[in-house]
1. Residue under question is Glu18, and the condition is that it be touching a residue at least 60 places away in the same chain (Cβ under 8 Å) and closer than 30 Å to Arg158 by Cα; does it hold?
2. Restricting attention to segment 189-210, and to residues there that are under 30 Å from Ala154 (Cβ atoms) and of a type in the set (Val, Ile, Thr), which single residue is surrounded by the fewest Cβ atoms within 10 Å (Cβ to Cβ)?
3. Taking the residues in segment 184-230 that are of a type in the set (Val, Ile, Thr) and at pLDDT 95 or above as candidates, determine which candidate is farthest from Ala146 (Cα to Cα).
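The values are calculated or read from the model by the stated rules, or taken from the named source; none is laboratory data. Keep in mind the model is a prediction, meaning the values are calculated, not measured. Note that we place each Cβ from the backbone using ideal geometry, even for glycine, and neighbour counts take in every protein chain shown.
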Amino acid sequence: RYLGFVEVHIEQGPVLAEAGLPLGVVTSINGSLRFVGEAIGMAAHAGTTPMGSRRDAAAAVAEIILFLERRAGAAPDVVGTVGLLEVPQGSINVVPGRCRFSLDIRATTDAARDACAADVMAEIGRIRERRSVEIRLEETMRAPAAPSDPAWQARWERAVASLGVPVHRMPSGAGHDAMMLHRVMPQAMLFMRGLNLGISHNPLESITNDDADLVVRAFMAMLEDLAVAAA
């Protein structure tokens, strides 16, 4: 039978690099919620349509983006992103009649994620009414948060401490294999620092040999700890 699942991964973010730390013990993998949407207003001539008469779809989405940024930024361990933004057949001299966009909301707990999403939906309703635009949303993904198993997380913490490295606990904003295995067995992860502010999925993604050595030693220490416990 399986005792659990452990995973080592580059952080894919800047936290460890900015803190000057080589390793981070993951406390939870963020739950995520994604939507694709479209705002539908009325295309109009940019020069002849008074500002107060416009039904600007892109301006409506811009308000959504700024609200999401403020709302997510006001809560600990919540992030919100609009990664897709498109004005179909847009023109420099036309008030946008349509604007497509995405929403990505993540948090360490499902409750925090859903509270942020609820506030965003309420604000979208107000924007829709105030600007006289239609805003359609389709939920495309809902993944629950995956908190680390306390016993397995503690094993990583002991392994890191045994190397004389400060134990830094942090959530994972990105999804990982451990998120899927969480459904069927205990799991815990260890992060290693990435260079270039942790940029990932990019030619600039990089680590140091020293950090890689620490990760291997931490992994071996964790296995030795497990062997002693099983003896």
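1. So Glu18 passes the test.
2. Among them, the one singled out is Thr208.
3. Val216
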